[in-house]
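The block underneath contains the structure these notes are about, expressed in structure tokens.
The values are calculated or read from the model by the stated rules, or taken from the named source; none is laboratory data. The model shown is predicted, which means the values in this text are computed figures rather than measured ones. Note that we place each Cβ from the backbone using ideal geometry, even for glycine, and neighbour counts take in every protein chain shown.
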Amino acid sequence: MRARAAPGRGAGARAAGFLAAPVGVLALLFVGPIAILLLMSFLRMSIAGSGGFTLDNYGAILRDPLYLRILARTGAIATVAMLAMLALSIPLGYVLAFRVGRLELPLLLALVLSDELNPLIRIYSWRMLLGRNGLVNSALLALGVIHRPIDALLFSSVAVVIVLSVSWVPYVAIPIYASMKAIDPNVLEAARDLGAGFGTVLRRILLPLAAPGIFVSLILVYIPLFAEFATPALVGGTSGYMIGNVIQEQILEVGNWGVGSAMSFLLLLLSGVLAAVSYRLSRLSRIEAVRG
Amino acid sequence: MARSVADVQGGLSSRLAARAQAAAADARLRDALAALLRGAFLAAVLLLLYGPLAILVVFAFNDSIIIALPFRGFTLRWFGEALGNPLVRESLRNSLGVAAAITPVSLVLGTLAAFGVTRFRFRARGAVAGLVAAPLVVPWLLIGVGALLFFNRLHVPLSLRTVGAMHVVSTFPLVAAIVSARLVRFDPALEEAGLDLGASPWEVLRLVVFPQLAPALAAAAIFAFSWSFNNFEISFFTAGFELTFPIWVFSTLRHAQNLPVVNAISTLVSAVQVLAVYAAWRIVRGRPGARRAAQVPEAIPELIQR
Amino acid sequence: MGRRAEGTTRSVEGAAPAGGLEPVVEVVEVTKRFGEVVAVDRVSFSIAQGEFFSLLGPSGCGKTTTLRILAGFERPDAGRVLIDGRDASVLPPHRRDTNMVFQSYALFPHMTVRENVAFGPRRKERRRLLARGEVDRIVREALATVRMEAFADRYPRELSGGQQQRVALARALANRPRVLLLDEPLGALDLKLRQEMQFELKRIQREVGISFVYVTHDQGEALTMSDRVAVMNAGRIEHLGPPEEVYERPATAFVAGFIGSANLLPCRVAGLGSEAAAELDGRRLRAGAHAPGCRAGADALLMLRPEHLRLVAEEPSPGCGLPVRVLDRTFQGPEVRFQTAVEGSGPELVVLAPAVEAPALGPGDRAWATWRPERAYLLPRD
């Protein structure tokens with residue numbers, strides 16, 4: 001039952017009473033920084049100081065093959081991690097929503113709780129595991145599966161993908177679980193009753209109806225993945241270097257705020273585009289679900 | 001040899017029965033296998049999520065400076081070292097302080113925003129709702145970098161205050177989402193009943209609406225507090241020379257090997273976090289509105305879809 | 001405008017309640033629009049002290065809006081509401097002397113039954129309108145009236161629908177309003193419970209002596225419980241009067257069709273007043289009375305209620321019979337239902353006969369439908 005929203009005359013004014021503070025804070029501390037980011041990206045930065053409009057910052061980025069390579073690698077890492085999380089979360093969401101009975105709430109709690117962990121602690125714990133002398137290698141060596149420790153497990157893109165996946169998986173699994181929860185289990189039974197095998201049920205019923213959750217998780221996760229820098233800094237080494245690291249380096253270490261802010265703004269644009277696309281797709285998928 | 005019809009029929013039905021039994025046994029076997037698979041899958045997921053932490057905890061007690069097998073003996077000295085480290089103590093104090101300070105502010109702003117957007121229909125409503133939701137969609141790195149440049153421009157020195165300010169901006173939208181989700185499901189008849197029975201609009205807010213909101217507010221408070229404590233990206237750019245706990249961990253690990261001191265303090269912090277959230281969950285579950293609070297995680301994606 | 005205006009006039013005439021005392025509530029030409037839609041159209045009526053008054057009509061007829069205007073949740077665009085002679089139109093709900101029982105009960109989930117019922121009295125206590133110890137006494141009395149004392153410390157979610165409804169009633173009564181407003185309170189209950197609660201509500205109303213304004217779409221409920229019924233359609237009151245009158249002498253075809261079932265035969269007015277008659281298929285049929293909107297020679301409807309008709313083999317005396325052919329026969333327990341059609345012009349006629357007396361007629365059989373002339377009633381046709 002929706003709460004009755006007061007319409008009509010004066011509604012805007014009354015709402016303003018409530019919204020003045022939140023909107024004010026956002027205007028100052030959210031819109032402000034982004035505006036400055038944009039502004040800075042067009043500023044000529046030199047040793048003598050800053051000033052003057054220029055497109056050089058953007059030029060420097062877009063023409064440098066190194067940056068483009070890093071961007072491509074960032075995209076690859078983000079995409080692989082996203083796919084891995086989806087591959088894990090869809091069955092997880094299904095099992096949690098339909099197949100665990102009384103364990104549903106405790107398991108859900110366990111999922112939510114894992115996100116409470118300080119992310120740096122989590123990254124660190126994986127760094128412990130993945131190193132040359134780490135436990136994964138020790139275990140595999142002991143089991144005789146390998147004869148030399150796998151170096152690529154740490155300070156590599158692989159490590160980044162693994163750690164990112166494990167860190168963000170609750171944000172993917174929970175929306176998917178939620179949208180599966182909204183599916184009437186009778187629908188699945190009816191499908192099976194009509195002779196559909198598991199593959200068919202998956203393709204034509206589960207996935208379409210869980211699509212809203214999938215799109216929400218895309219918005220919540222895929223975009224932030226592009227901007228990650230703590231994980232690659234701690235476990236990525238040089239081959240796991242991502243755009244976020246470049247930005248951090250430019251801003252805090254090199255001091256080239258022009259380029260740093262230009263890169264940030266480009267990333268922001270990318271995020272915006274991805275968000276808009278996901279949003280549009282999610283709307284479409286809902287219309288399809290209703291119509292189909 | 002003559003066989004009666006009954007015999008033939010009996011033989012046929014027993015063959016059918018046998019086949020049915022075999023099919024049933026097959027189905028049971030399939031079900032058992034499926035259950036086994038499910039169990040293994042869930043166990044694997046839990047292992048992935050909590051395994052590394054468990055191992056981290058184990059090595060916090062290991063009497064060796066190197067974090068590798070074999071396990072050399074039980075010791076508590078890393079805990080002593082961690083707690084004795086002035087930087088550790090300072091960073092923990094700062095993180096807790098900031099989290100405690102921003103939570104009430106975030107709750108107030110988020111609740112105001114939720115009321116403003118859900119209770120009034122006005123032309124700019126969609127835009128305002130979008131603005132409030134925007135910080136949730138923009139990556140923290142970008143918010144952090146932007147904030148750094150912004151404060152620099154305004155000649156505001158970086159400190160725990162700037163960290164706190166940005167934490168507020170980043171958390172109150174989700175408080176707003178949680179509270180909105182609850183408000184939207186609110187039965188308007190309850191408020192009308194309150195008015196009808198003689199309560200003034202303010203009394204209705206106080207006596208009817210807020211008690212119903214309490215579980216959502218509690219959940220939001222827990223969220224805001226732990227988000228602030230755990231946050232790294234934004235704090236990193238806006239703290240200047242101040243230390244928060246995640247910043248300390250990052251700096252320590254950035255250019256150093258794995259250190260048991262980090263294991264020790266991580267164990268303590270994680271233990272407190274888990275206990276705190278669990279305790280809060282139990283408290284919230286005990287109140288009448290608990291069912292609603294449990295629906296909060298589902299409400300979030302729903303709300304974001306609006 | 002013709003008939004409709006007459007209908008409205010008639011309801012204003014019928015709006016004076018029996019009893020002669022000052023009306024508790026007076027609604028005067030109240031109108032409410034939502035955008036383009038006129039939800040309540042110049043509605044007027046008044047309610048006497050201790051009267052059980054029902055607003056009856058289909059969904060969307062404006063009855064709930066009218067009730068909410070009485071309660072103060074909607075402001076009328078025109079007209080006034082007077083409570084005890086004073087203009088209450090500008091008073092917000094928490095200052096009016098009315099209380100409402102909501103369709104969804106609207107019990108505060110975070111309070112016990114006792115706290116729910118005490119809510120209103122406590123507000124009064126705060127405003128110094130009640131003495132200190134009074135609240136507990138009032139709560140106890142209210143709970144006793146609805147027989148829910150044993151549940152005082154339970155929470156609403158621990159109660160069944162019927163129990164919640166009684167608590168909602170107690171909560172409203174505890175405030176001693178001048179008039180109690182009920183918005184389809186029995187809608188969510190199952191049939192048996194509904195019937196029980198109808199008696200309970202009537203008993204409580206008599207015991208407490210407060211005027212009730214009861215909104216429902218269930219005509220059986222309205223007829224059973226009310227002293228007077230206002231039948232609403234499309235924002236207007238089409239008929240206001242005691243249950244028997246609304247049933248036997250409805251003002252319009254809509255009311256005739258909405259209350260009970262009725263055969264409405266298209267005809268022409270052949271006579272008015274004491275000579276009321278209809279002309280149908282060349283026959284002149286006598287009628288006992290006619291609605292005010294009827295004019296000589298105009299198109300009309302002859303209303304015959306199925307239970308007033310009998311099927312006989314021989315032609316009855318002229319003026320109160322029609323030849324029919326049986327189409328279908330259905331056993332319905334206490335009655336048998338005959339679906340018939342008038343020979344010739346063909347309108348269908350439903351006859352309801354008590355099972356003990358039902359003739360042994362089946363599909364295809366011919367017979368005469370007959371009735372006592374005073375049971376026939378003429379209505380204007382739109």
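Assorted remarks:
- Qualifying residue in region A:233-241 (condition: in contact with a Lys or Arg (Cβ under 9 Å, 6 or more places away or on another chain), among the polar types (S, T, N, Q) and more than 17 Å from A:Met85 (Cα to Cα)): yes
- In the set B:Val145, B:Val128, B:Val108, only one residue is within 10 Å of chain A (Cβ to nearest Cβ), touching a Ser or Thr at 6+ places or on another chain (Cβ under 7 Å) and part of a helix (DSSP H, G or I); that residue is B:Val145.
- Pair list, Cβ under 6 Å, 6 or more apart: region C:80-109 residue within 13 Å of another protein chain (Cβ to nearest Cβ), other residue in a loop (DSSP other than H, G, I, E, B) and of a type in the set (Lys, Arg): C:Asp97/C:Arg178
- Among the residues of this structure, B:Leu275 counts as one that is more than 9 Å from every other protein chain (Cβ to nearest Cβ) and without any contact (Cβ under 8 Å) to a residue 24 or more places away in the chain.
- Residue list for region A:250-265, filter: farther than 17 Å from B:Trp140 by Cβ and of a type outside the set (S, T, N, Q): A:Glu253, A:Val254, A:Gly255, A:Trp257, A:Gly258, A:Val259, A:Ala262
- Number of residues in region B:179-201 that are among the small types (Gly, Ala, Ser), within 24 Å of the chain's Cα centre (by Cα) and at the interface with another protein chain (Cβ under 7 Å from one of its Cβ atoms): the value is 0.
- Pair list, Cβ under 6 Å, 6 or more apart: region A:223-234 residue closer than 16 Å to B:Val145 by Cα and at the interface with chain B (Cβ under 7 Å from one of its Cβ atoms), other residue among the hydrophobic types (A, V, I, L, M, F, W, C) and not in a helix (DSSP H, G or I): A:Ala230/B:Phe232
- Scan region A:247-265 for residues that are more than 10 Å from chain B (Cβ to nearest Cβ) and in a helix (DSSP H, G or I) and the total you get is 6.
- Qualifying residue in region C:320-341 (condition: in a loop (DSSP other than H, G, I, E, B), more than 26 Å from C:Pro250 (Cα to Cα) and of a type in the set (A, V, I, L, M, F, W, C)): no
- Verdict on C:Ala144 being assigned by TED's automatic domain parsing to the domain that holds C:Leu201 and touching a helix residue (DSSP H, G or I) at 6+ places or on another chain (Cβ under 8 Å): no
- Yes/no for A:Leu92 being more than 7 Å from every other protein chain (Cβ to nearest Cβ) and within 23 Å of the chain's Cα centre (by Cα): no
- For region B:160-205, the set of residues classified as of a type in the set (S, T, N, Q) and assigned to a helix (DSSP H, G or I) consists of B:Thr162, B:Ser170, B:Thr171, B:Ser180, listed by residue number.
- Count of region C:197-241 residues, restricted to those that are surrounded by 20 or more Cβ atoms within 10 Å (Cβ to Cβ), in a helix (DSSP H, G or I) and of a type in the set (Gly, Ala, Ser), is 1.
Condition check ((1) under 23 Å from A:Met180 (Cβ atoms); (2) basic (Lys, Arg); (3) at the interface with chain B (Cβ under 7 Å from one of its Cβ atoms)) across all residues:
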site	(1), (2), (3)
A:Gly101	yes, no, no
A:Leu109	yes, no, yes
A:Ile121	no, no, yes
A:Met128	no, no, yes
A:Ala142	no, no, no
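- Looking across region C:113-160, the residues that are polar (S, T, N, Q) and more than 10 Å from chain B (Cβ to nearest Cβ) come down to C:Thr145, C:Ser160.
- Residue in region B:149-156 that is within 8 Å of another protein chain (Cβ to nearest Cβ), buried (at least 21 other Cβ atoms within 10 Å of the Cβ), over 24 Å from A:Phe215 (Cα atoms) and of a type outside the set (Val, Ile, Thr) present: yes
- A count restricted to region A:144-178 and to residues that are more than 7 Å from chain B (Cβ to nearest Cβ) and in a helix (DSSP H, G or I) stands at 21.
- Screening B:Ala176 with (1) facing another protein chain (nearest Cβ under 9 Å); (2) touching a residue at least 40 places away in the same chain (Cβ under 8 Å); (3) more than 21 Å from the chain's Cα centre (by Cα) gives one miss only, at (3).
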